[in-house]
Amino acid sequence: MAEIIAIAMKGAAKTQIMYKANLSFGQVKWYLAFLLEHGLLEKSVQGGRVIYKSTARGMAFMERQQRVVDLLNEDQHGTSVV
């Protein structure tokens with residue numbers, strides 16, 4: 001989900017998201033619906049194309065997810081996590 005949010009930071013079409021995130025059509029459809037429902041992405045029409053763009057809430061999610069990844073990486077390298 002964080003990867004989709006990152007791809008959509010400046011706006012992206014469903015096809016762009018699907019290829020850049022290496023997802024099937026069914027997967028991208030499900031993830032986009034989920035992210036829209038939870039306010040992490042917004043959808044608009046630009047030049048007749050549906051564009052998905054990350055929201056402030058989506059960016060906050062992505063930052064928190066990165067903190068978790070960083071925390072897990074620190075733990076793998078023997079750094080004490082308390």
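Axis angle, to the nearest 10 degrees, between helix 56-76 and the longest C-alpha principal axis of the chain: 30 degrees.
Proximity of backbone amide H atoms, modeled 1.01 Å from N, is registered between THR55 and LEU41, GLU42 at under 5 Å, excluding neighbours fewer than 5 places apart on the same chain.
Report note on the peptides 48-57, 5-14: ranked by the mean count of other C-beta atoms within 10 Å, highest first, their order is 5-14, 48-57. Against the main long axis of the alpha-carbon atoms of the chain, helix 25-37 sits at an angle near 80°.
Using the Cβ-Cβ distance between TRP30 and LEU71 with R0 set to 22 Å, the FRET efficiency works out to roughly 0.20. Close amide H contacts of ALA13 (hydrogens built in the peptide plane, cut-off under 5 Å, sequence separation of 5 or more or a different chain): TYR52. The Kirkwood radius of the chain, taken over pairs of alpha-carbon atoms, gives through the Stokes-Einstein law at 20 °C and 1.002 mPa s a diffusion coefficient of 158 µm² s⁻¹.
Values in this text are rule-based calculations from the coordinates and carry no lab data. The shown structure was predicted, so the numbers you read here are calculated from the model rather than taken from an experiment. Please note: Cβ atoms are built from the backbone with ideal geometry, for glycine as well, and neighbour counts cover all protein chains shown.
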